[in-house]
Amino acid sequence: MAKDPRIDAYLAALPADQRELLQRVRGQIARLLPDASETISYGMPAFALDGRAIVWYAGWKKHCAIYPLTDSFLKAHAGELEGYGRTRGSLHFTPQQPLPEATVEQLVRDRLADVEAGRG
């Protein structure tokens, strides 16, 4: 995996609890996408394959987020995502209410399948 030093700088600027949480998310995504490279896209850390961003994550003032949250993923996992904030394209979580690893894994796998099938 190609690491981008801008990611470390991005994470270093976050509050400690968010930094720790997003470091765990970063590690999990890296394990799921071992051939991906890290980059900054739209001002956020992202993992890319063949130059195409697959998944992004970010720290904001009151939450962390992972992108993209597709309508199909939301529909298929509505029960698991209950209680988490979201926008049309992002899923919000906090150090106090982190996403389960299984949810992150499924989100990344579904996103990769969408990209490989030309749906995203």
Exercise for review: Could you tell me whether Glu80 is charged (D, E, K, R) and in contact (Cβ under 8 Å) with a residue 24 or more places away in the chain?
Suggested key: no
**Study point:** Lone qualifier among Asp35, Asp8, Asp71 - being among the charged types (D, E, K, R), over 26 Å from Glu116 (Cβ atoms) and open to solvent by 30 Å² or more (accessible area, probe 1.4 Å)
**Key:** Asp8
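For every residue, the table says whether it meets (1) under 16 Å from Val108 (Cβ atoms); (2) in a loop (DSSP other than H, G, I, E, B); (3) free of Cβ contacts under 8 Å to residues at least 60 places away in the same chain.
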residue	(1), (2), (3)
Arg19	no, no, yes
Leu22	yes, no, yes
Val25	yes, no, no
Asp35	yes, yes, yes
Ile40	no, no, yes
Exercise for review: Any residue in segment 86-99 that's assigned to a strand (DSSP E or B): show its pairings with residues that are modelled with pLDDT under 95 and open to solvent by 70 Å² or more (accessible area, probe 1.4 Å) at Cβ separation under 8 Å, as long as the two are six or more apart or on different chains.
Suggested key: His92/Arg86
**Study point:** Qualifying residue in segment 74-96 (condition: among the aromatic types (Phe, Trp, Tyr), out of contact with any Gly (no Cβ under 7 Å at 6 or more places or on another chain) and surrounded by 11 or more Cβ atoms within 10 Å (Cβ to Cβ))
**Key:** yes
Practice item. Taking Lys62 as meeting all but one of (1) open to solvent by 60 Å² or more (accessible area, probe 1.4 Å); (2) part of a strand (DSSP E or B), write down the number of the exception. Key: (2)
Practice item. Considering only segment 99-109, state which residues are within 12 Å of the chain's Cα centre (by Cα) and open to solvent by 30 Å² or more (accessible area, probe 1.4 Å). Key: Glu101, Glu105, Gln106, Arg109
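The values are calculated or read from the model by the stated rules, or taken from the named source; none is laboratory data. These figures come from a predicted structure and were not determined experimentally. FYI the Cβ positions are ideal-geometry reconstructions off the backbone, even for glycines, and counts take in every protein chain you see. Accessible surface is based on the protein model in full, side chains and every heavy atom, while ligands, DNA and RNA are left aside. Shrake-Rupley method; radii C 1.70, N 1.55, O 1.52, S 1.80 Å.
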